[in-house]
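For reference, the structure is listed below as structure tokens.
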Amino acid sequence: MILGKVVGTVVCNKKNDSISGARYLLIDKCNQQCVTKGDYLVALDLVSAGNGEMVIISESSSARETEDTFNKPVDALIVGIVDLIDENETIVYKK
Amino acid sequence: MILGKVVGTVVCNKKNDSISGARYLLIDKCNQQCVTKGDYLVALDLVSAGNGEMVIISESSSARETEDTFNKPVDALIVGIVDLIDENETIVYKK
Amino acid sequence: MILGKVVGTVVCNKKNDSISGARYLLIDKCNQQCVTKGDYLVALDLVSAGNGEMVIISESSSARETEDTFNKPVDALIVGIVDLIDENETIVYKK
Amino acid sequence: MILGKVVGTVVCNKKNDSISGARYLLIDKCNQQCVTKGDYLVALDLVSAGNGEMVIISESSSARETEDTFNKPVDALIVGIVDLIDENETIVYKK
Amino acid sequence: MILGKVVGTVVCNKKNDSISGARYLLIDKCNQQCVTKGDYLVALDLVSAGNGEMVIISESSSARETEDTFNKPVDALIVGIVDLIDENETIVYKK
């Protein structure tokens with residue numbers, strides 16, 4: 001999984017019918033200290049992540065392994081909101 | 001999913017038989033403000049995206065999770081046309 | 001899908017048994033004008049693509065969605081031979 | 001599979017319900033001599049890898065091919081702890 | 001599929017139980033002339049590839065499409081040993 005920071009939302013009115021009610025968030029990939037990279041992707045949110053939060057994103061077919069995304073054309077899913085990261089016994093990120 | 005801008009069409013007469021009637025669009029990957037990167041890919045269009053529009057593209061096996069693409073050798077699908085993107089409470093793209 | 005130019009063939013006598021009779025082509029990735037990038041991959045050919053032709057390649061699990069590649073360890077398949085590409089109303093490639 | 005060095009842990013309290021009890025490790029990708037690249041990812045640990053150990057990581061849908069990760073939205077799994085790597089008859093890494 | 005050169009072996013004693021008896025090889029990605037790139041990956045070997053040989057590697061879920069790798073967390077498989085590559089009618093690699 002990769003780390004990303006929620007920086008916005010993406011609104012689509014005309015969508016493929018099999019995706020309805022989805023909330024797409026704009027994600028900027030970040031390092032372990034939540035420093036963003038200016039490398040953006042769009043991910044489906046099922047954990048109500050808020051703006052500015054660091055999240056874990058699962059990509060590819062793994063993004064479909066939930067009740068809500070099963071059989072949907074989704075390839076990036078927020079699977080968790082990061083509370084804390086330690087690196088070599090030092091806390092490098094705290095929500 | 002990634003963001004891209006529709007910049008053209010790709011025509012193939014000789015194709016693998018299991019794909020018929022598909023409309024392939026030429027996509028230039030873009031950032032959250034629709035600034036293109038000169039990094040091209042070919043995506044199947046099922047939402048009638050028009051030239052110059054910003055779209056969301058789902059890749060890999062997720063591109064097959066629709067009635068039309070199920071069991072087809074397609075690895076990039078336009079799943080929505082972007083109407084609006086906000087980044088940190090500011091609208092950075094509007095159709 | 002990505003665009004590539006057929007530049008050669010790859011011959012393997014010792015292969016994993018589940019792939020027999022496959023014709024592997026050497027592909028150099030290219031842009032929308034068929035300018036190659038010097039970035040090579042090997043793809044299975046089911047449409048009899050010829051040397052120098054621009055092709056569309058489907059990658060990952062999508063490469064297995066044909067009768068011939070179903071259940072085979074193939075991750076790149078030529079799905080069409082490009083006849084014409086237009087970009088912003090201008091023809092940028094013609095076979 | 002790719003090589004990575006375990007450098008920390010990632011803690012998430014709010015997670016997608018279908019993942020419970022998972023232990024996420026912070027991985028820094030490394031070369032065959034365990035020299036890290038500063039390129040981070042988050043992987044699920046099922047082999048009790050320790051901090052500083054070099055591990056093999058399987059990505060994408062392959063990460064779900066275990067009893068514990070079957071049908072879970074996981075796209076990176078530690079599948080082994082590296083004991084030794086030889087390159088051209090020379091041992092380049094030893095645990 | 002990608003081209004790589006076998007440069008060594010990777011030994012793991014502690015592994016995820018569902019992979020037993022697997023032989024992992026250290027692969028350095030290479031171009032069509034077997035010039036290596038210093039970009040390493042670990043692949044499962046089922047064709048008894050030898051050190052220094054150029055091989056074709058299938059990645060992602062396609063690596064599981066053999067009797068031995070079915071339902072195993074493997075994402076890179078050697079599917080053939082390259083004997084010969086021709087590029088634009090010239091032989092650029094011969095075993």
Copy-to-copy spacing for C:ASP83, label 7 Å out on the Cα-to-C-beta vector, in nm, shortest first? 3.7, 3.7, 6.0, 6.0
With +1 at each Lys and Arg Cβ and -1 at each Asp and Glu Cβ, the charge dipole magnitude of chain E around its Cα centre, to the nearest 20 debye, comes out at 380 debye
Using a Förster distance of 35 Å, the FRET efficiency for C:VAL35-A:LYS29 (Cβ separation, nearest 0.05): 0.75
Out of A:ASN51, A:ASN13, A:ASN31, any idea which swings most in a Gaussian network model of chain A, alpha carbons joined below 10 Å? A:ASN13
From the convex hull of the Cα coordinates of the protein assembly as shown, what is the mean projected area in square nanometres? 20.6 nm²
From largest accessible area down, sort B:LEU77, B:LEU84; use a 1.4 Å probe on the protein chains. B:LEU84, B:LEU77
Enter the accessible area of E:ASP86 (Å², nearest 10), with the probe set to 1.4 Å and all protein chains included. 30 Å²
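Go through the stretch E:42-95 and name the GluC sites (Glu not before Pro) that are in a DSSP coil and have 11 or fewer other Cβ atoms within 10 Å of their Cβ. Walk me through the numbers before you get to the answer.
On the way: sites: E:GLU53, E:GLU59, E:GLU65, E:GLU67, E:GLU87, E:GLU89; in loops: E:GLU53, E:GLU65, E:GLU67, E:GLU89.
Taking the stretch E:42-95 and a limit of 11 other Cβ atoms within 10 Å, the loop GluC sites (Glu not before Pro) found are E:GLU67, E:GLU89.
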Under 10 Å, Cα contacts only: if you run a Gaussian network model on chain A, which one of A:LYS72, A:LYS37, A:LYS15 comes out with the highest mean-square fluctuation? A:LYS15
What's the Kirkwood radius of chain D in Å, using all Cα pairs? 13.8 Å
Mind checking which of B:GLY50, B:GLY38, B:GLY80 has the largest fluctuation in a GNM of chain B, springs on alpha carbons under 10 Å? B:GLY38
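The values are calculated or read from the model by the stated rules, or taken from the named source; none is laboratory data. The shown structure was predicted, so the numbers you read here are calculated from the model rather than taken from an experiment. When we count neighbours, we look across all protein chains shown, and the Cβ atoms used for this are built from the backbone with ideal geometry, even at glycine. When the accessible area is computed, the model is the full protein with side chains, heavy atoms only, and any ligands, DNA or RNA have been set aside. Shrake-Rupley method; radii C 1.70, N 1.55, O 1.52, S 1.80 Å.
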